[in-house]
Amino acid sequence: MFLSENQKNMLETPCVVIDREQTVKNIKEEQEAVGKNGTALRPHIKTHKMPYFAKLQLEAGAGGITSCKVSEALIMADGGCDDIFIAYPLIGRFRFEKAAVLQKKVKRLILAVDSLEGAEMLNSFAQEKDIIFEVRLEVDTGAKRTGIAIEKSVELGKKIDAMSNLNLTGIYTFKSLSMKDGTPTTDNDAAAKEEAELMHNTAVAMREAGLNIVDISAGSTPTGRQVAESGLVTEVRQGTYIFKDYMLTKENCGKLEDIAVRIFATVVSTPCEEYAVIDGGTKTFPMDILLDTAPAYYPGYAIPLNGDGSINDNLQLRRMNEEHGIITAKNGHTGLKVGEIVELLPIHVCTAVNMQNEVYIKDGEKLWKQKVDARGTLV
């Protein structure tokens, strides 16, 4: 049982509850799996967005943290994190200004570039402020979002290396469960092997061109352990591993018992036996996954559970309005009653946590609220 009845009665729903004990277990297991290969783990804090959990990761041996946005990184710095990589190209003077402030707060700040235009803008700002920014070049290895094409990495790397106020020290990528040509895959080992080799070969080519590439950063939760085992990179950047979620069970890197997060909602209406209405809708449950689509075929926007923690195969959350979640029953009878508290697994925990101002943390019989400090930090 995830929560005792007494703890359930303490909840203000809809809400997210995080099991601290399971979270610590997930942190330690990932750190040990990566560390035994001599690879650094620089966890991505986008999953939890709280210095509270970042500190647990650092205490377990993480080599700094990864962030996406500079405003998010500033909150982490104020919360005690002093080695931060912002794995997202910074574009815009308003971001550069924040990065300059951030650099004074931490021991090490690494920024990302993936274009000549972006690097020139960042370098011009750094010249004006008389500061040096350490940067990594993002390389596209198959995800087809940000990142320079591999065949152009040496040329761009040379141009960045020649800039007076940028110090190019590494390369990084995000690939996850995709292959170089952009096609998705369910073969974690194949995706990781290709990712590690692509990044290693890119680093070798850049070094042969005279570039001082020290760090090779890759890996996400579905591929991070295997990429680390390759011995071809210096760092991996898993994020979701800290809590795990239903998505990871479908991506071959998590089991139901590993998931440290639940969403709780209260039944507020039962107009008929075919469906029940809960007090959480699209402002509680993320909709950033596709239902009934290969390869995962998610049956709803969260997974209802039975009282013993097993999946309830009869109930589904497939329709929502802003504040209404409609739980339907495959057999035409939900069995839910007004006032009943429903326990659900998040499909994608990162977006679920980001929708909450506060979460509950459960530690044995203790239960307390924790602010999601970096929620809404989009800049």
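For the reader, a short list of remarks on this structure follows.
- Ranked by the mean number of other Cβ atoms within 10 Å of their residues, highest first, the peptides 41-49, 18-26, 316-324 come out as 41-49, 18-26, 316-324.
- Dipole magnitude of region 277-332, debye to nearest 20 (Cβ charges: Lys/Arg +1, Asp/Glu -1, about Cα centre): 140
- Remark: region 225-308 projects, on average over all directions, an area of 7.8 nm² (convex hull of Cα atoms).
- Surface per residue (accessible, 1.4 Å probe) for the chain, Å²: 42
- For the listed residue pairs Lys105/Lys369; Lys36/Lys244; Lys250/Lys330; Lys28/Lys98, the alpha carbons are over 31 angstrom apart in Lys28/Lys98.
- Nearest-20 debye value, region 314-367 charge dipole, Cβ charges on Lys, Arg, Asp, Glu: 300
- C-alpha center-to-center spacing [region 27-50, region 276-349] in angstrom: 30
- Dipole magnitude for region 237-371: computed about the Cα centre from +1 point charges on Lys and Arg Cβ and -1 point charges on Asp and Glu Cβ, it is near 320 debye.
- Positive-end extreme of charge dipole, region 100-151 - chosen from Leu102, Leu122, Ala143 (charges on Cβ): Leu102
- Extension gain, Asp313 to Ile289, is 6.7 nm, computed as 0.36 nm per intervening residue step minus the present C-alpha separation.
- Potential extension, Lys152-Lys105 segment - 0.36 nm per residue separation minus Cα distance: 13.5 nm
- Stretched out straight at 0.36 nm per residue, the stretch from Val338 to Asn306 would grow longer than its current Cα-Cα span by 9.9 nm.
- Theoretical FRET efficiency, 1/(1+(r/R0)^6), r = Cβ-Cβ of Asn37 and Ala162, R0 35 Å, to 0.05: 0.55
- Where GluC sites (Glu not before Pro) fall in DSSP loop in region 324-379, at most 12 other Cβ within 10 Å: Glu365
- Size check on the chain: the Cα extents along the three principal axes, sorted descending, read 70, 39, 37 Å.
- Over all other residues within a Cβ to Cβ distance under 15 Å of Gln7, the charged ones net out to -1, with Lys and Arg as +1 and Asp and Glu as -1.
The values are calculated or read from the model by the stated rules, or taken from the named source; none is laboratory data. Bear in mind that the values here come from a model prediction, so they are computed numbers and not experimental data. Every residue, glycine as well, gets a Cβ built from its backbone with ideal geometry; the counts of neighbours run over all protein chains shown. Accessible surface is based on the protein model in full, side chains and every heavy atom, while ligands, DNA and RNA are left aside. Shrake-Rupley method; radii C 1.70, N 1.55, O 1.52, S 1.80 Å.
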